[in-house]
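Student: Sharing a structure, written as structure tokens. Questions coming.
Laboratory data are not the source of any read-out in this text; all were calculated from the coordinates shown. This is a predicted model, so every value here is computed, not measured. Methodologically, a virtual Cβ is constructed for each residue, glycine included, from the backbone with ideal geometry; neighbour enumeration extends over all protein chains shown.
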Amino acid sequence: MKLFGIPVQIQPSFFIVTGLIALLYGSTGPAIVSWVVAVFLAVLVHELGHAAAARFFGFYPAIVLHFGGGTTQYSGTGRLTAWRRVAISLAGPGAG
């Protein structure tokens, strides 16, 4: 799927691990679903922050949500300076 033109892949392991974490803390039924939705949205917004910054600097980002959370990868012909790398890194937490 694509969000704002950015490819987003969601691996089943993301939902499995997130649900298991909720179970470990004693959640049941609707609380598990609420937890999974909240974590999904939080991780997705975080990764979209990285992706938006990467796109701003001329890269082509792609997001993968997986068992460990999420990853934003980017490629392209943009110039990756140390300051741009820092800006892309900080954009994830800043989006939250």
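Student: What does the net charge come to around ALA53 if you take all other residues with beta carbon closer than 13 Å to its beta carbon, with K and R at +1 and D and E at -1? Intermediate values should be presented prior to the final figure.
Tutor: Numbers: positive: ARG55, ARG84, ARG85; negative: GLU47.
Residues close to ALA53 contribute a combined charge of +2.
Student: Match the structure shown to one of the listed values (i) 6.4; (ii) 5.5; (iii) 5.1 of mean projected area of the Cα convex hull in nm², computed from it, and give that label.
Tutor: Correct label, based on the coordinates given: (i).
Student: While we're looking at this one, here's another question. Full-extension gain between GLN9 and TYR60, please, as 0.36 nm times their residue separation minus the C-alpha to C-alpha distance. Write down the numbers at each step before the final one.
Tutor: On the way: separation 51, 0.36 × 51 = 18.36 nm, distance 1.47 nm.
Gain in length upon complete extension: 16.9 nm.
Student: Can you pull the one-decimal nm distance between simple spin-label points at ARG79 and THR28, each 7 Å off the Cα toward Cβ?
Tutor: If labels sit at ARG79 and THR28, their model points lie 6.1 nm apart.
Student: If you don't mind, another one. So for the chain: antiparallel DSSP bridges make up what percent, rounded to the nearest 5?
Tutor: Details: 9 of 12 bridges.
Roughly 75 percent of the DSSP beta bridges within the chain come out antiparallel.
Student: In whole Hz, what ³J(HN,Hα) sequence does the stretch 15-26 give by Karplus (6.51, -1.76, 1.60; θ = phi - 60°), x for Gly and Pro?
Tutor: 6, 5, 5, 4, x, 5, 4, 4, 4, 4, 8, x
Student: Out of ALA53, ALA82, ALA62, any idea which swings most in a Gaussian network model of the chain, alpha carbons joined below 10 Å?
Tutor: Between ALA53, ALA82, ALA62, it is ALA82 that shows the largest mean-square fluctuation.
Student: Sort 68-77, 28-37 by the packing proxy (mean of other Cβ within 10 Å over each peptide's residues), most packed first.
Tutor: Peptide ranking by packing, descending: 68-77, 28-37.
Student: Work through the residues other than ILE88 whose Cβ is under 15 Å from its Cβ and net out their charges, Lys, Arg +1 and Asp, Glu -1.
Tutor: Working: positive: ARG55, ARG79, ARG84, ARG85; negative: GLU47.
For residues surrounding ILE88, the net value is +3.
Student: What is the set of long-range amide H partners of ILE10 at a cut-off below 5 Å, with H atoms built 1.01 Å from backbone N?
Tutor: Here LEU65 satisfy the definition.
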